[in-house]
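A short write-up of the structure that comes next.
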Amino acid sequence: MSPTRNIDFTTLTMKDALDLAILIEEEAYDRYSELADQLTQHDTPDAAHFFRLMMANEEKHRAALADRRDAMFASAACGMTRAMIFDVEAPDYDEVRAFMTLRQALETALRAEQKAHAFFVAALERITDPTVRTLFEELAAEEVLHQDLVRRELAKAPPDPAIATEEFADEPTGE
Amino acid sequence: MNLVAKDFKSDLKPIWCPGCGDFGVLQAIYRALAAIGRPPHEIAFISGIGCSSRIPGYTTAYGFNSVHGRALPIAQGLKLARPELLVLAAGGDGDGFSIGGGHVPHAVRRNDDLTYIVMDNQTYGLTKGQLSPTSPLGLRTVTSTYGSLEHPVNPLLYVLAYGAGFVAQGTPADIAGLTEMIEAAIRYPGFAFVNVQSPCVTYGEEHQQIKAHKATMKALADLGHDPTSRAQALEHAHAYGRELLTGIYYQEPDPPPTLGALVRGRQEALASAAKPRAQILDAFVQH
Ligand SMILES: Cc1ncc(C[n+]2csc(CCOP(=O)(O)OP(=O)(O)O)c2C)c(N)n1
Ligand code: SF4
């Protein structure tokens, strides 16, 4: 299952590559926002709070990429759309649970960063344009840095309680 | 019209359990509707009752979270009355194959142009995990403490046997594939059925979850399946409950006219043969 549709990486231009990277950050931002809302609604404040921090991170990365894109291509039309990407850096919906711990939320983010890294590495095998290659190498390296950041937070996070959090999952209301 | 998935997302925040498969289904529906390009006010989304039946409220389309098991009759009535609307119906396996099961063959044989999406989680999620018609044999639930003695229904097999022109199965483990399937179902001019294996994380079994789907699912396209062959589709449909085969099982290559088209044809024929109003009144006066 490829996380992209209708993208030919062999002919990807620098403008399209930057637009793609921006959309990937935007998708991750939206997903963290959705997951944070879900967890807030289901009394899971620590994980929700962490996902809101991740939203801020994704937005920072998006803004930096957007500045770069504006500097290089000004107002040239964007040729990429969100319909072309599927959860490249966004955590999967099934990653979260009611009452998940901060540690589990951090692990979710770590898996998302690893997924994004794997995506850029796999794409590099097909990219031919040298400037796009440099950009994707840089993006892949950044994902490794993000993983390190999350790992450092994981080292500080309290251990999970002995009882599985699933035992507390709140149930839907009957109708 | 140039629309994006977000145009179909309403302000109502889903109250589904975090991790519920229905989130991925909703995302696939947003994306399919964006690809279709009809604005939300031209779309009506009808559901029954259940966790999954909350789905219309999470879209910007017109929606009706109706009565348990009655999504299909309401959707058909709406489509006949307002043929210009794009009509979607949705619900759970309990809603569609248990209390509403009697409506499915009639929706198929009437063949109105609507898309029916079932979020099949093999349980009654909303009412806290009782047996559903697709629950596997031996499943232990609050209503089957010693294990279910009932064989599950096979929705793919029976919808195919009823003669449906479009039958597909997907999973939110592959949102891209599910999006394509839902888009194709909407584009199909007639009754289209999409069964989605949408895991319930609260009451579902481990082997029914997304991770298990990702590990075991097989695309029909990779098995050399010919979606224009009903015989092949029926053959593959037998795997339901044993293997997760995804994709379009059957798509009628030469779709027959829909009920709406036949009704409009009949109305036109009768209208051209109808007597003018004055002559009808004369007939009453003379006798
Ligand atoms: C006439 C009627 N009978 C029973 C119910 C109780 N009820 C509500 S939802 C439901 C089943 C839900 O299961 P399903 O349709 O599979 O949807 P899910 O919640 O799993 O998405 C039942 C039995 C009802 N609301 N109305
Ligand atoms: S009970 Fe199951 S089907 Fe209902 S919202 Fe929760 S996970 Fe989804």
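Numbers for the structure displayed
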{"item": "Convex hull of Cα atoms in chain A, direction-averaged projection (nm²)", "result": "11.9 nm²"}
{"item": "Chain A, accessible area per residue, ligands and nucleic acids excluded (1.4 Å, Å²)", "result": "48 Å²"}
{"item": "Cα centroid separation, the range A:38-116 to the range B:215-287 (Å)", "result": "42 Å"}
{"item": "Share of alpha-carbon pairs per 5 Å distance bin for the range B:1-126, given as whole %", "result": "2, 12, 23, 24, 20, 13, 5, 1"}
{"item": "Paramagnetic label zone (point 7 Å from Cα along Cα-to-C-beta, residue A:128; backbone N under 19 Å) in the range A:18-55", "result": "A:18"}
{"item": "Electrostatic dipole magnitude of the protein assembly as shown [Cβ: Lys, Arg +1; Asp, Glu -1; Cα centre; debye, to 20]", "result": "1380 debye"}
{"item": "Selection from B:250, A:57, A:140, by position along the positive dipole direction of the protein assembly as shown (Cβ)", "result": "B:250"}
{"item": "Normalised per residue, the volume of the convex hull around the Cα set of the protein assembly as shown (Å³)", "result": "184 Å³"}
{"item": "Contour minus Cα-Cα distance for residue A:63 and residue A:37 (0.36 nm per residue)", "result": "7.1 nm"}
{"item": "Cα-centred dipole magnitude for the range A:5-89, charges only on beta-carbon of K, R (+1) and D, E (-1), debye, nearest 20", "result": "300 debye"}
{"item": "Cβ charges +1 (Lys, Arg) and -1 (Asp, Glu), total dipole of the range B:202-287, debye", "result": "340 debye"}
{"item": "For the range B:5-254: rounded, prolate or oblate by the Cα gyration tensor [a/c cutoff 1.5]", "result": "rounded"}
{"item": "Cβ-derived FRET efficiency at R0 25 Å, residue B:268 paired with residue B:38, nearest 0.05", "result": "0.45"}
{"item": "Positive-end residue, the protein assembly as shown charge dipole about Cα centroid, Cβ charges, pick of A:23, B:58, B:188", "result": "B:188"}
{"item": "Furthest towards positive pole of dipole, B:75, A:4, B:231, structure part the protein assembly as shown, Cβ charges", "result": "B:75"}
{"item": "Residue mean of other protein chain beta carbons inside 10 Å, B:9-15", "result": "2"}
{"item": "Nearest 10 degrees, 0 to 90: helix B:71-81 Cα axis against chain B principal axis", "result": "30 degrees"}
{"item": "Spin-label pair residue B:128/residue B:231, simplified geometry with 7 Å Cα→Cβ offset, distance in nm", "result": "5.1 nm"}
{"item": "Cα→Cβ-extended label distance, 7 Å offset, between residue A:13 and residue B:7, nm", "result": "2.5 nm"}
{"item": "Packing-based ranking, highest mean first, of A:92-100, B:157-165 given that Cβ atoms within 10 Å are counted", "result": "A:92-100, B:157-165"}
{"item": "Calculated FRET value between residue A:53 and residue B:223, using beta carbons and R₀ = 30 Å, to 0.05", "result": "0.10"}
{"item": "Helical mean residue ellipticity (222 nm; -39500 (n - 2.57) per DSSP H run of 4+; nearest 500) of chain A", "result": "-22000 deg cm²/dmol"}
{"item": "Whichever aspartates and glutamates have a C-alpha closer than 19 Å to that of residue B:9, once near sequence neighbours (fewer than 8 apart) are set aside", "result": "A:26, A:27, A:30, A:34, A:37, A:87, A:92, B:22, B:42, B:180, B:183"}
{"item": "Theoretical FRET efficiency, 1/(1+(r/R0)^6), r = Cβ-Cβ of residue B:82 and residue A:121, R0 45 Å, to 0.05", "result": "0.35"}
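The values are calculated or read from the model by the stated rules, or taken from the named source; none is laboratory data. From a predicted model like this one, the values you see are computed outputs, not experimental measurements. Cβ sites come from the backbone with ideal geometry, for glycine too, and all protein chains shown count toward neighbours. Side chains are part of the model used for accessible areas, which takes the heavy atoms of the whole protein and leaves out ligands, DNA and RNA. Shrake-Rupley method; radii C 1.70, N 1.55, O 1.52, S 1.80 Å.
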